[in-house]
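**Student:** Below is the structure I would like to discuss, written out as structure tokens.
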Amino acid sequence: MAITRRGVLAGAAAAGGLPLTQYNLCMPALAGDDDVILGPPVKDQPIRKLSEHVYMVEAPDGFPTPENQGLMSNIVFIVGKEGVVVIDSGASLQIARMSIRQLQTVTKAPVVGVFNTHYHGDHWLGNHGFVEAYGASIPIYAMAGTRTAIEGGTGTSWRDAMLKWTNQASSGTRIIPPGKDIDHGFTLSLGGATLRIHHYGTAHTPFDVAIEVPEDQVMCVGDIMMDRRIANMEDGSYQGTLDAIDALIRNSKTAAWVPGHGDAGAKVLDWQRSLFQGIYEACTKAVKQGVPLEGALAVAMKDPRVADKAAETKGWASNIGKYVSIAYLEAEQAQF
Ligand SMILES: [Zn+2]
């Protein structure tokens with residue numbers, strides 16, 4: 001479950017902007033973090049109201065760079081009468097601080113809970129910022145498997161990779177693993193807004209949760225769905241994702257899907273489902289016809305559901321080959 005060499009190399013290739021010394025000028029060390037030089041603040045990214053209780057700070061980019069300082073995944077706030085909950089806390093202390101500044105422009109109510117949808121670092125490294133602002137006792141919810149991954153090598157791999165990808169802009173970020181285990185069926189009421197947890201097995205990772213706000217007919221899906229982004233499927237399952245999407249439709253009255261990457265709305269569903277159906281069905285066909293792994297990408301790109309998305313998807317060229325290979329291996333295993 002650690003970051004793979006391929007992933008680290010892809011991110012490292014994107015790095016190489018400002019030298020560390022430019023960030024360091026006039027940056028005070030964080031109190032209590034001896035010898036740690038704090039990366040600079042992250043530029044404000046406006047908060048947007050998606051529905052009565054749901055707000056989002058949307059990340060414009062799909063991948064971490066020194067320029068975006070790791071701002072690559074959305075930070076979502078559910079605002080109820082009894083407080084605010086954040087779903088995915090961003091990729092650094094600095095990003096979390098920025099999102100809290102944005103939240104405070106719409107409500108002065110405190111954040112009373114943090115949810116981490118899965119163990120990829122862009123969704124939980126910002127936990128530090130929420131603990132800093134709201135206290136160490138703030139509950140951080142995730143599946144037990146997400147917690148143990150973050151407590152183990154996956155946590156440090158992600159923190160170190162983010163430092164490298166952002167050329168140290170995330171420096172000062174501490175690993176704060178979730179402390180409250182949740183599973184399918186868990187609910188939390190915020191007064192007027194309820195959070196209902198869905199989990200249907202391995203999708204993007206083995207431990208994804210989707211978080212429904214039934215009053216708003218909104219489903220926050222983490223990375224089970226994305227909008228014009230291609231998901232890192234190294235720990236995931238194409239068939240599992242398609243099954244999870246079906247279960248989310250069946251078991252909710254969702255009108256708007258809020259992904260971890262890209263814009264929210266009704267359209268996210270078709271976009272994600274058709275891309276994965278296209279890739280996985282093409283790979284299944286390739287396996288059945290005896291097309292070798294190297295030929296799978298060409299078969300997939302003949303499918304209009306895949307080909308149509310190339311131009312509008314961030315990171316397509318550098319990732320599609322790798323993720324089609326993963327789909328091919330999954331399809332091959334499913335044949336036996
Ligand atoms: Zn992810």
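We did not get these values from a lab; they are worked out from the coordinates using the rules stated. All of these numbers come straight from a predicted model, not from anything done at the bench. Neighbour counts are summed over all protein chains in view; Cβ atoms, including those assigned to glycine, are modelled from backbone coordinates with ideal geometry.
**Student:** If each of Val106 and Asp160 carries a label point 7 Å out from its Cα toward its Cβ, how far apart are those two points in nm?
**Tutor:** 3.7 nm
**Student:** Can you tell me the 0 to 90 degree angle between the C-alpha axis of helix 93-103 and the longest principal axis of the chain, rounded to 10?
**Tutor:** 80 degrees
**Student:** Spelling out what I want: for every residue of region 307-320, take phi, set θ = phi - 60°, compute 6.51 cos²θ - 1.76 cosθ + 1.60 (Karplus), and round to whole Hz; glycine and proline get x.
**Tutor:** With the stated coefficients, region 307-320 comes to 4, 4, 9, 4, 5, 9, 9, 5, x, 4, 4, 7, 10, 4 Hz.
**Student:** Still on this structure, I have one more. Quickly work out the Lys302-to-Arg48 label distance, labels modelled 7 Å from Cα along the C-beta direction, and quote it in nm with one decimal.
**Tutor:** Distance between label points: 3.8 nm.
**Student:** State to the nearest 20 debye the size of the charge dipole of the chain about its Cα centre, where the only charges are +1 on K and R beta carbons and -1 on D and E beta carbons.
**Tutor:** For this selection, approximately 360 debye.
**Student:** Related question: Helix-only estimate, please: 222 nm mean residue ellipticity of the chain, summing -39500 (n - 2.57) across DSSP H runs of length 4 or more and dividing by its residues, to the nearest 500.
**Tutor:** -11000 deg cm²/dmol
**Student:** Relative contact order, percent, of the chain when contacts are C-alpha pairs under 8 Å separated by at least 6 residues?
**Tutor:** After rounding, I find 15 percent.
**Student:** Toward the positive end of the charge dipole of the chain, about the Cα centre and with charges on Cβ (Lys, Arg +1; Asp, Glu -1), which of Ala255, Asn167, Ala142 goes farthest?
**Tutor:** Ala255
**Student:** At a temperature of 25 °C and a viscosity of 0.890 mPa s, determine how fast region 270-336 diffuses translationally according to Stokes-Einstein, using the Kirkwood radius over alpha-carbon pairs as Rh; express D in µm²/s, rounded to the nearest whole number.
**Tutor:** Translational D for this selection: 210 µm²/s.
**Student:** Amide H neighbours of Leu71 under 5 Å, at least 5 residues apart or on other chains, H built in the peptide plane: list them.
**Tutor:** Thr65
**Student:** Report the charge-dipole magnitude of region 234-336 in Debye, nearest 20, computed about the Cα centre from +1 at each Lys and Arg Cβ and -1 at each Asp and Glu Cβ.
**Tutor:** Dipole magnitude for region 234-336 comes out near 240 debye.
**Student:** A follow-up question, please. Could you tell me what percent of the DSSP beta bridges with both partners in the chain are antiparallel, to the nearest 5?
**Tutor:** 65 percent
**Student:** Further question: Counting DSSP beta bridges with both partners in region 188-260, what percentage is antiparallel, nearest 5?
**Tutor:** Bridges in region 188-260 that DSSP calls antiparallel: roughly 65 percent.
**Student:** Tell me, what is the percent relative contact order of region 111-217, built from C-alpha pairs under 8 Å that lie six or more residues apart?
**Tutor:** About 27 percent, as a whole number.
**Student:** For the Cα atoms of the chain, what angle does the longest principal axis make with the long axis of helix 5-14, in degrees from 0 to 90, nearest 10?
**Tutor:** Value to nearest ten degrees: 60.
**Student:** Checking the cross-link filter: which lysines have an alpha carbon closer than 29 Å to that of Lys49, excluding same-chain neighbours under 8 positions apart?
**Tutor:** Candidates past the 8-residue exclusion: Lys81, Lys108, Lys180, Lys253, Lys267, Lys309, Lys314.
**Student:** Which whole-number percent gives the relative contact order of region 271-336, counting Cα pairs below 8 Å spaced six or more residues apart?
**Tutor:** 43 percent
**Student:** Based on the Cβ-Cβ distance from Ile249 to Thr187, what FRET efficiency comes out when R0 is 25 Å, to the nearest 0.05?
**Tutor:** 0.80
**Student:** Shape of the chain from its Cα gyration tensor (a ≥ b ≥ c, root eigenvalues): rounded if a/c is under 1.5, otherwise prolate when a/b > b/c, or oblate?
**Tutor:** Cα axes put the chain in the oblate bin.
**Student:** With springs connecting C-alpha atoms under 10 Å apart, model the chain as a Gaussian network and identify which of Ser318, Ser92, Ser189 has the largest mean-square fluctuation.
**Tutor:** Judging by the Gaussian network model, the answer is Ser318.
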